[in-house]
Each structure stands twice: as C-alpha cells, then as structure tokens.
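Q: The structure is given below, and queries will be raised subsequently.
The values are calculated or read from the model by the stated rules, or taken from the named source; none is laboratory data. Every value quoted in this text rests on a predicted model; they were computed, and no experiment measured them. When we count neighbours, we look across all protein chains shown, and the Cβ atoms used for this are built from the backbone with ideal geometry, even at glycine. Please note that ligands, DNA and RNA were not included when accessible areas were found on the heavy atoms of the full protein model with its side chains. Shrake-Rupley method; radii C 1.70, N 1.55, O 1.52, S 1.80 Å.
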Amino acid sequence: MLQLSGQPLSLRQIATIADGVPSGSVRIQIAPAAIAQMDASRDVVRRVAEECLPVYGINTGFGKLCEVRISNGELARLQLNLVRSHACGLGTPLSEPETRVIVALRANTLALGYSGVRPVVAQTLTLLLNRGVHPVIPSKGSVGASGDLAPLAHLALCLIGEGEAIYRGERLAGRAALERAGIEPIRLEAKEGLALLNGTQALTAVGALALWRATRLAGLADVSGAMTLLALLGTPAAFDQRIHAARPHPGQGTVAARLRALLEASDVAPARRTAPARVQDAYSLRCMPQVHGAVRGALRFAANTVEIETGSATDNPLVFAESGDVLSGGNFHGAPLALAFDTAAIALTTLAGIAERRIDRLVNPDLNQGLPAFLAAHPGVSSGFMIAHVAAVSLLNECKVLAHPASVDNVPTSGGQEDHVSMGMTAALKLRTIVENGEYIAAIELLAAAEALRYREAFEPGPELRRVRDRIRGIAPPLGEDRPLSIDIENV
C-alpha cells in the first residue's frame with residue numbers, strides 16, 4: 001500500500017506505480033492526514049464563494065477572462081465548461097503506464113491540501129488507479145504552462161463521466177468505464193475543475209518514466225562499452241583510480257570504478273601482442289568515464305528536479321488554510337522540468353554518439369584490430385553488421401535533431417496573458433524518443449561486441465562480461481551466415 005500525502009516520489013516509486021497498478025502488487029490510498037489538510041483548504045474555498053469575494057479560479061473566468069466575475073449560481077457550470085473546453089488534446093494517447101503515473105501524481109499534489117478540493121476528488125483518482133480505469137489522454141496539446149491543461153482536462157473528463165477510458169483492454173465512453181469499475185462520477189464544485197487541470201503532472205509522468213529508462217541505459221552503456229574495449233584489445237589503463245581522483249567529478253569516478261570491475265580478470269595481453277601496436281586507445285574507449293560520467297551527472301540533475309516536482313503544489317491559485325489566504329502564483333510553469341528534460345536529452349544524445357563511434361570501430365576493417373570486415377563470417381559474400389551500424393547512425397541522427405531544446409521556444413497564449421510558456425511536454429516526449437533510440441543503439445553495440453568476441457580465441461573475458469556475453473548469446477545466437485538482424489536487436 002502506497003499512501004499519498006503530497007510527499008516527493010522517487011523515480012523507482014514512479015516506475016512501481018507505472019508497472020504495479022492495477023496488477024494488485026501496489027495499491028494507492030490517500031493518507032488520513034492528507035484528508036484533513038484537504039478539508040481545511042476546502043473550507044476556505046467555501047467561505048470565499050459564500051462571501052462573494054472575487055478570487056481567480058473560484059468565481060472569475062480564466063486566463064485572459066480573469067476579470068470576468070461569475071455569479072454563485074454559475075460556479076458549478078464554470079468548472080464543467082472549463083474541463084470541456086480545455087479537453088483539446090490531439091494525437092496518439094499516452095501509454096497506460098504513463099497514464100497511471102499522471103493519475104497518481106495528480107492525486108498526490110491534491111493531497112498536499114493547497115488546492116481547495118474535497119477529499120473525494122483525490123480519492124476518486126485513486127479508485128481509477130486501483131480498479132484499472134485509464135483515461136484516454138492524447139499526447140499532444142500542452143505547452144507546459146499553465147501546466148498541462150489539455151492532457152489533464154482529458155483526465156478530468158473521465159472523472160466526471162465524460163471523455164473516454166480504457167478498461168480491461170477495451171476503449172469505452174468515460175461513464176461506461178466508471179460504471180463497469182463501480183466508480184461514481186464526480187460532480188465538480190467551485191475551483192475543482194481548475195484544480196484538476198492546473199499542474200505539470202502529464203509532462204512530469206512522461207519525463208519521469210523516460211528518465212527511469214535512461215538511468216538503466218546509462219548503466220548499460222558501461223557494460224557495452226567494456227565489452228567493446230575488450231573486443232578491440234583495448235587497455236584499462238585509462239580507468240586507473242589515480243587518474244580520476246585527479247579530476248573528481250562523481251560520475252566520472254563511478255564509471256571508472258565500474259569499468260575496472262567489469263574488466264577484472266580479463267587478460268587480453270596475449271592477443272594484444274599480435275595486434276597492430278598503439279600507444280593509447282581512441283577517445284570513444286579511453287574517455288568512457290569522462291563522457292558516461294557526465295551523462296550520469298545530467299541525469300541525476302533531471303531526476304532530482306522530477307522528485308521535487310512530484311511533491312509540489314503546482315496549481316493556481318493556492319489555498320493556505322492556516323491564514324485563509326487564496327494566492328495566485330505561477331507554480332504551474334514547467335520551466336524546471338523542461339530544462340531538466342532538455343538537459344537529459346542532450347546528455348543521452350552524447351551517450352548515443354559515443355556508442356555509435358564504438359560500433360563503427362567494431363565493424364570498420366580499418367579500425368577493428370584485425371577483426372573480420374563488418375564482423376561478417378565471409379566478408380564480401382556476407383555483409384555482417386554493416387547495416388546494423390547504418391541503423392545506429394540513423395537512430396543517432398534522429399536523436400541529434402530531437403536534442404534541440406524545446407525550452408528555448410516561446411509562443412504567447414491566452415490573448416497574451418500567458419506570455420511565456422515552458423514547452424515542457426514537448427521536451428518530455430522528445431526525451432522519451434531519444435531514450436528509445438539509445439536503447440536500440442545499446443542493443444546493437446552489445447550484439448556487435450558479443451560477435452566480435454567470437455574471433456578473440458586467445459583470451460576469455462572475466463566473469464562479469466562473460467555473463468553478459470552468455471546472456472546476449474541466449475537471446476541471439478552467433479551470426480555466422482547473414483540473417484535479418486532487426487529481430488535480434490528488438491529482442492536484446
């Protein structure tokens with residue numbers, strides 16, 4: 001049972017929510033203390049509505065229409081129209097794991113008690129999670145300020161029994177999905193529609209899950225790079241602890257230590273004696289600690305930003321129960337996340353770039369230390385890994401295009417009221433694609449390195465890399481005669 005009270009959530013917890021709800025391995029609940037917090041802030045909203053004080057989001061219009069006063073008799077209609085009008089998302093829906101994280105993060109931020117909603121709103125979100133109702137949330141349409149308005153409006157539509165949802169693999173009208181799951185639709189009251197829409201939970205969810213995959217990819221790059229160095233008869237001398245103590249970036253030292261451990265007990269000296277002489281290895285081999293370590297640092301920065309965001313109040317206005325104040329601000333602005341995701345995208349493109357250079361060194365007969373051209377069993381008759389490298393180059397090119405920062409762009413919206421936006425969802429979606437491409441490139445390097453080790457009979461890898469090689473071989477047998485490699489790459 002995971003109790004939500006507005007606490008920061010780690011990437012691991014986010015991944016657990018994505019994978020473990022609604023399978024039953026994780027159940028979500030609003031903590032009792034959070035219910036008390038929400039009740040207190042809700043009392044402030046009721047008082048404001050009763051006293052007819054003009055307060056943004058409670059009894060005024062939205063965005064450029066914030067000066068338009070709404071009568072008490074139209075407050076519920078105001079919230080309903082807000083949800084319906086903002087449900088303008090387009091394109092392919094977000095995945096079910098991403099949707100689960102969005103729902104959980106929205107419930108968690110409401111549980112902080114700054115949004116002025118009734119506890120039943122957050123509790124109904126947890127019912128969606130626990131009973132497997134996945135609102136259909138289109139992936140396009142958010143500029144990341146005032147938060148993810150369009151994606152979150154589609155979430156809110158489902159909550160009120162409109163829109164669409166996936167339930168047990170079937171796409172249904174929102175009301176039908178709720179009925180089958182035994183969930184009562186919410187009837188929105190003052191401020192509740194705005195509280196559901198105003199926030200960064202959609203871009204946070206997409207980016208967080210991409211970052212979780214990215215951290216695994218960064219670790220895998222050390223493994224594939226070590227295998228490549230071994231296959232190319234490289235030397236681990238550049239990973240000596242003294243070198244990295246002299247330049248003590250944390251990620252650099254971590255990667256160097258990991259490479260030393262991976263290469264332990266791998267003796268390539270006999271094979272190196274018959275290979276073409278070279279004083280030191282190419283940068284793509286020698287500088288793995290410096291490059292992979294810098295990538296780890298960038299991912300750590302992005303992960304820290306996400307974890308802070310998961311425990312933050314990101315809607316507007318915020319309700320402070322202790323003082324009774326309702327204050328308008330800008331916590332919905334996705335700039336911290338957009339910058340973090342853009343940083344991660346640049347870092348992962350760098351990681352993909354150095355991996356592609358290592359793949360080239362494995363297959364290029366001018367660089368691969370006597371290995372068969374393109375790792376082909378019969379070069380000329382066979383092409384071996386020639387086009388696998390071409391595929392890696394294609395993937396890398398796409399990464400380079402997508403690495404252009406989304407956060408540097410700005411197009412004012414809402415009649416100039418929202419005159420600087422974050423483009424954070426664009427940054428998150430780009431990052432997701434770059435991670436996927438990076439995973440493919442890592443798979444190509446692992447396959448090529450495992451194939452190259454076939455031709456190094458003079459030595460045996462140490463135990464760590466031997467396990468990796470055997471694992472790869474369990475997924476994809478040695479190449480021998482040419483065959484379509486796309487299946488092997490997908491499987492790895």
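Q: Quick one: what are the phi-derived ³J(HN,Hα) couplings along segment 251-268, Karplus 6.51/-1.76/1.60 with θ = phi - 60°, whole Hz, x for glycine and proline?
A: Going residue by residue, I get x, 4, x, 5, 5, 4, 5, 5, 5, 4, 5, 5, 8, 4, 6, 9, 9, 9 Hz, with x marking Gly and Pro.
Q: Segment 403-492: percent of C-alpha pairs farther apart than 23 Å?
A: Numbers: 1972 of 4005 pairs.
For segment 403-492, the fraction of Cα-Cα distances above 23 Å is 49 percent.
Q: Could you state the orientation-averaged shadow area of the convex hull built on the Cα atoms of segment 339-421, in nm² to one decimal? List each step's numbers first, then the result.
A: Values: hull surface 28.5 nm².
Value for segment 339-421: 7.1 nm².
Q: Calculate the dipole size of segment 64-159 relative to its Cα centre from +1 charges on Lys and Arg beta carbons and -1 charges on Asp and Glu beta carbons; express the result in debye to the nearest 20. Before the final figure, lay out each step's value.
A: Numbers: 9 positive and 5 negative charges, 31 e Å.
Taking the Cα centre of segment 64-159 as origin, the dipole is about 160 debye.
Q: What percent do you get for the relative contact order of segment 79-196 when only Cα pairs under 8 Å and 6+ apart count? Before the final figure, lay out each step's value.
A: Working: 195 pairs, mean separation 39.4, N = 118.
Relative contact order, segment 79-196: 33 percent.
Q: Further question: Just to confirm the number: angle between the C-alpha axis of helix 288-310 and the first principal axis of the chain, 0 to 90 degrees, nearest 10?
A: Helix 288-310 sits at roughly 10 degrees to that axis.
Q: While we're looking at this one, here's another question. How big is the dipole moment of the chain about its Cα centre under a simple scheme where the beta carbon of each Lys and Arg is +1, that of each Asp and Glu is -1, and everything else is neutral? Debye, nearest 20, please. Provide the component values of the computation, followed by the final result.
A: Working: 46 positive and 47 negative charges, 180 e Å.
Computed about the Cα centre, the dipole is about 860 debye.
Q: For segment 359-492, calculate the relative contact order in percent as a whole number, restricting contacts to Cα pairs under 8 Å that are 6 or more residues apart. List each step's numbers first, then the result.
A: On the way: 131 pairs, mean separation 35.7, N = 134.
Here the relative contact order equals 27 percent.
Q: Just the Cα atoms of segment 175-276: what Rg and Dmax do they give in Å?
A: Rg, Dmax (Cα atoms, Å): 25.8, 79.
Q: With runs of 4+ DSSP H residues as the only contributors, calculate the mean residue ellipticity of the chain at 222 nm using -39,500 (n - 2.57) per run, divided by the residue total and rounded to the nearest 500. Don't skip to the end; give the middle numbers.
A: Working: 19 runs with 272 residues, N = 492.
When only DSSP H runs of four or more count, the value is -18000 deg cm²/dmol.
Q: Also, quick follow-up: Hand me the tally of lysine pairs in the chain: alpha carbons under 28 angstrom apart, and the pair either on different chains or 8 or more positions apart. Spell out each step's value before the answer.
A: Details: 64/140; 64/191; 140/191; 140/400; 140/430; 400/430.
Total qualifying Lys-Lys pairs in the chain comes to 6.
Q: Averaging sequence separations of C-alpha pairs under 8 Å and six or more residues apart, then dividing by the length of segment 40-106, give the relative contact order as a whole percent.
A: Details: 32 pairs, mean separation 10.8, N = 67.
Normalised by residue count, the contact order of segment 40-106 is 16 percent.
Q: For segment 1-147, evaluate the Debye formula with one uniform point scatterer on each Cα (no solvent term) and list log10 I(q)/I(0) at q = 0.09, 0.15, 0.20 Å⁻¹, rounded to two decimals.
A: -0.33, -0.90, -1.28
Q: Find the centroid of the Cα atoms in segment 12-48 and in segment 421-442, then give the distance between the two in whole Å.
A: Taking the Cα centre of segment 421-442 as reference, the centre of segment 12-48 is 28 Å away.
Q: Choose one of 394, 129, 76: the residue whose Cα lies farthest towards the positive end of the charge dipole of the chain (beta-carbon charges +1 Lys, Arg; -1 Asp, Glu; about the Cα centre).
A: 394
Q: Now for a different question. Residues with beta-carbon under 15 Å from that of residue 294, excluding residue 294: net charge, scoring Lys, Arg +1 and Asp, Glu -1?
A: Values: positive: 247, 258, 286, 296, 300; negative: 222.
Net charge in that neighbourhood comes out at +4.
Q: Classify the chain as rounded, prolate or oblate from the Cα gyration tensor: take a ≥ b ≥ c as the square roots of its eigenvalues, call it rounded if a/c is under 1.5, otherwise prolate when a/b beats b/c and oblate if not.
A: Working: a/c = 2.68, a/b = 2.39, b/c = 1.12.
In terms of gyration-tensor shape, prolate.
Q: Helix 386-402 sits at what angle to the longest principal axis of the chain, using alpha carbons and giving 0 to 90 degrees rounded to 10?
A: Once rounded, one gets 30 degrees.
Q: Using mean Cβ contacts within 10 Å as the protection proxy, how do 89-98, 168-177, 240-249 order, highest first? Please list the in-between numbers first.
A: Details: 89-98: 17.1, 168-177: 15.4, 240-249: 11.8.
Put in order of decreasing packing, that is 89-98, 168-177, 240-249.
Q: Dipole magnitude of segment 1-60 about its Cα centre, charges +1 at Lys/Arg Cβ and -1 at Asp/Glu Cβ only, in debye to the nearest 20? Numbers along the way, then the final one.
A: Details: 5 positive and 5 negative charges, 36 e Å.
For this selection, approximately 180 debye.
Q: Something else about it: Hey, can you find the accessible area per residue of the chain for me, probe 1.4 Å, expressed in square angstrom? Write down the numbers at each step before the final one.
A: Working: 20070 Å² over 492 residues.
Spelled out: the 1.4 Å probe surface of the chain, per residue, equals 41 Å².
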